[in-house]
1. Residues of segment 126-139 being at negative phi and in a loop (DSSP other than H, G, I, E, B), which ones?
2. Whether any residue in segment 311-319 is under 15 Å from the mean Cα position of the chain (by Cα), of a type outside the set (D, E, K, R), within 19 Å of THR26 (Cα to Cα) and not in a strand (DSSP E or B) is what I want to check.
3. I'm told GLY249 meets every condition in (1) touching a residue at least 40 places away in the same chain (Cβ under 8 Å); (2) surrounded by fewer than 16 Cβ atoms within 10 Å (Cβ to Cβ); (3) within 20 Å of ARG180 (Cα to Cα) except one. Can you identify the failing condition by its number?
4. List every residue pair whose Cβ atoms sit under 9 Å apart, with the two residues 6 or more apart in sequence or on different chains, where the first one lies in segment 15-27 and is at positive phi and the second, anywhere, is of a type outside the set (Phe, Trp, Tyr) and assigned to a strand (DSSP E or B).
5. Quickly run through segment 102-125 and pick out the residues that are touching a residue at least 24 places away in the same chain (Cβ under 8 Å) and either in a loop (DSSP other than H, G, I, E, B) or aliphatic (A, V, I, L, M) (or both).
6. Could you list all residues from segment 103-125 that are in contact with an Asp or Glu (Cβ under 9 Å, 6 or more places away or on another chain), crowded, with 17+ Cβ neighbours inside 10 Å and not hydrophobic (A, V, I, L, M, F, W, C)?
7. Give me the residue from segment 202-246 that is polar (S, T, N, Q) and touching a residue at least 24 places away in the same chain (Cβ under 8 Å) and, out of that set, surrounded by the fewest Cβ atoms within 10 Å (Cβ to Cβ).
Amino acid sequence: MALFLCLICSVSAASAESIRIATYNTELAREGPGLLLRDILKGDDPQVVAVVDVLVTARADVLVLQGVDYDLEGRTLEALAAQIRARGLTYPYRYAGPPNAGLMTDLDLDGDSRVGGPGDAQGFGHFFGQGAMAILSRFPIRQSEVQDYSTLLWRELPGALLPGTRQAPFPSAEALAIQRLSSNGHWVVPISHPALGPIHILTYHAAPPVFDGPEDRNGRRNHDETEFWRQYLDGQFGPPPVARFILTGDANLDPNRGDGRNIAIRRLLGDARLQDPLPEQASVNWPQTGPLRVDYVLPSADWTVIGSGITAPHPEASRHQLVWVELGT
């Protein structure tokens with residue numbers, strides 16, 4: 001099967017005044033710190049090789065990745081970029097902010113009456129940075145201008161759907177007092193394109209809306225992680241970009257199928273400030289759910305969509321498929 005399933009293709013070659021953005025949940029996360037770096041450096045790990053195949057074939061100008069383990073010095077991301085570079089595609093600019101994944105607390109955040117487990121971190125993780133987010137770019141990233149909302153407390157989101165029972169907050173008032181909204185992160189990352197000027201990448205990786213109880217803690221959090229972006233565009237957290245931005249990432253939420261409070265993603269897809277170049281296109285096929293659309297690249301309304309597509313499934317790489325959109329003025 002061909003690696004690319006092109007759903008909307010441009011009729012001419014891309015010009016210097018266009019940009020291709022892709023998002024891909026690589027699912028490269030390992031069970032311990034340093035193990036992903038080890039596997040990348042080996043050079044022959046089947047999953048790493050397969051993921052690199054997908055990334056090289058996409059030939060995106062900006063890659064927004066999920067499922068890549070974070071380390072403070074950026075060695076894992078550098079090693080991955082080196083593997084891609086060896087295949088003829090160079091990403092000299094990289095960004096990976098400190099994630100909430102695996103950021104441990106001393107409270108019971110998941111309500112299992114224990115502390116110190118992966119569900120008691122600010123975002124699920126067996127160690128700090130497990131399965132985090134990262135950006136690789138051909139164009140300069142304006143690091144000093146990045147807006148990182150990953151520390152925003154869940155209760156600080158207006159209208160937050162905080163979990164609880166009729167008797168009390170869930171799992172406790174103390175837990176909700178420190179619980180951050182982002183399970184991984186919410187970033188606004190400006191990139192300088194030589195012809196198009198500043199472009200803002202709005203990205204996140206939301207928690208799965210499952211693996212909880214009747215309090216629907218994960219479903220509520222997943223909803224609010226997507227709802228954040230609608231409020232951000234409304235100016236709730238400061239002036240948002242008004243032109244040439246792209247909202248992208250893994251929402252873990254299908255607008256019509258599967259578990260989750262899908263009103264959040266339906267509202268976003270229906271927002272007049274955004275375009276949806278790939279409506280109704282599934283990006284993952286889990287055995288327990290069937291095909292779902294959970295990965296999105298949504299350009300602002302002022303862009304011209306030159307082309308868009310989605311990779312065919314690559315079972316050795318990830319259950320997810322890479323989604324890309326090429327944009328111009």
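Values in this text are rule-based calculations from the coordinates and carry no lab data. Quick caveat, the model's predicted, so the values are computed rather than measured. Cβ coordinates were reconstructed from backbone atoms using ideal geometry, including for glycine residues, and neighbour counts include every protein chain displayed.
1. If the condition is that a residue be at negative phi and in a loop (DSSP other than H, G, I, E, B), then HIS126, PHE127, PHE128, GLN130, ARG138, PHE139 are the ones that fit.
2. no
3. For GLY249, the failing item is (2).
4. Matching pairs, first to second residue: GLU27/GLN66; GLU27/GLY67; GLU27/SER318; GLU27/HIS320.
5. Of everything in segment 102-125, those that are touching a residue at least 24 places away in the same chain (Cβ under 8 Å) and either in a loop (DSSP other than H, G, I, E, B) or aliphatic (A, V, I, L, M) (or both) turn out to be GLY102, LEU103, MET104, THR105, LEU107, ASP108, LEU109, ASP110, GLY111, GLN122, PHE124, GLY125.
6. Result: ASP108, ASP110, GLY111, GLY119, ASP120.
7. Of everything passing the filter in segment 202-246, GLN236 is surrounded by the fewest Cβ atoms within 10 Å (Cβ to Cβ).
Results for (1) part of a loop (DSSP other than H, G, I, E, B); (2) surrounded by fewer than 17 Cβ atoms within 10 Å (Cβ to Cβ), shown as yes or no for each residue.
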{"residue": "ARG266", "(1), (2)": "no, yes"}
{"residue": "ALA272", "(1), (2)": "yes, yes"}
{"residue": "PRO277", "(1), (2)": "yes, no"}
{"residue": "GLU280", "(1), (2)": "yes, yes"}
{"residue": "ASN285", "(1), (2)": "no, yes"}
{"residue": "PRO291", "(1), (2)": "no, yes"}
{"residue": "LEU298", "(1), (2)": "no, no"}
{"residue": "GLY309", "(1), (2)": "no, no"}
{"residue": "GLU326", "(1), (2)": "no, no"}
